[in-house]
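Here's the structure, in structure tokens; my notes come after.
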Amino acid sequence: MGDSREEDFDREVRRGIYDFTEREGLPPTVSQAASELPRGADEIAASLRRLAEAHVLVLQRDSDEILMLPPYSAVPTPFVVESEGRTYFANCVWDALGVPAMLKRDAEIKTSCGCCGASMNMSIANDVLAMADGVVHFALPAARWWDDLVFT
């Protein structure tokens, strides 16, 4: 079992990075997180590594920087979510639908068909998918997504 102070700190980091992401549109860098939380960059990076090991987030390859903070992406993707004047990037269409749920706000989702590239737009209003054409396809069962979440 882990150190309870370490677990408490990891929960604080988790809350802080999600709050930052919801406010700013992208997950924070290690230095941004360190400026938001009362700890140094080394302690933040160690916490992010523990959170990655726990499948809370995905770090950049060979770095302690965040790549994925589900449902948010730290890099531009084809899954763009717009809400109240802020743009968020999601990791996949499933996560794109999760962004408005996390924000508890209406949103517009702009993406394209993975097969033909045709524009696909969705609207979430009052917690309801208001308009959408198409089919969501998952190539792997959810139980296998963390085998290689970047690929999935």
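The values are calculated or read from the model by the stated rules, or taken from the named source; none is laboratory data. These figures come from a predicted structure and were not determined experimentally. With ideal geometry, Cβ positions are generated from the backbone for all residues, glycine too; neighbour counts draw on all protein chains shown.
A few points about this structure:
- Residue ID - nearest to Thr77 (Cα to Cα), chosen from residues in region 1-55 that are part of a helix (DSSP H, G or I) and of a type in the set (Val, Ile, Thr): Thr21
- Here Val30 does not fit the description of being buried (at least 17 other Cβ atoms within 10 Å of the Cβ), without any contact (Cβ under 8 Å) to a residue 60 or more places away in the chain, closer than 30 Å to Ala143 by Cβ and not assigned by TED's automatic domain parsing to the domain that holds Ala143.
- Residue in region 35-44 that is within 26 Å of Ala96 (Cβ to Cβ), modelled with pLDDT of 95 or more and not basic (Lys, Arg) present: no
- Of all residues in region 115-124, exactly one satisfies the criterion of being touching a helix residue (DSSP H, G or I) at 6+ places or on another chain (Cβ under 9 Å) and either within 12 Å of Ser83 (Cβ to Cβ) or surrounded by fewer than 14 Cβ atoms within 10 Å (Cβ to Cβ) (or both), namely Ile124.
- Residues being over 12 Å from Leu48 (Cα atoms) and crowded, with 19+ Cβ neighbours inside 10 Å - total across region 6-19: 0
- Residue count for region 78-100 under the criterion of being surrounded by fewer than 20 Cβ atoms within 10 Å (Cβ to Cβ), modelled with pLDDT under 95 and of a type in the set (Val, Ile, Thr): the result is 0.
- Considering Leu103, Leu149, Leu57, the condition of being under 25 Å from Thr29 (Cα atoms), at pLDDT below 95 and in contact with a strand residue (DSSP E or B) (Cβ under 6 Å, 6 or more places away or on another chain) is satisfied by Leu149 alone.
- Failed criterion for Leu59 (all others in (1) surrounded by 15 or more Cβ atoms within 10 Å (Cβ to Cβ); (2) more than 27 Å from Glu6 (Cβ to Cβ) hold): (2)
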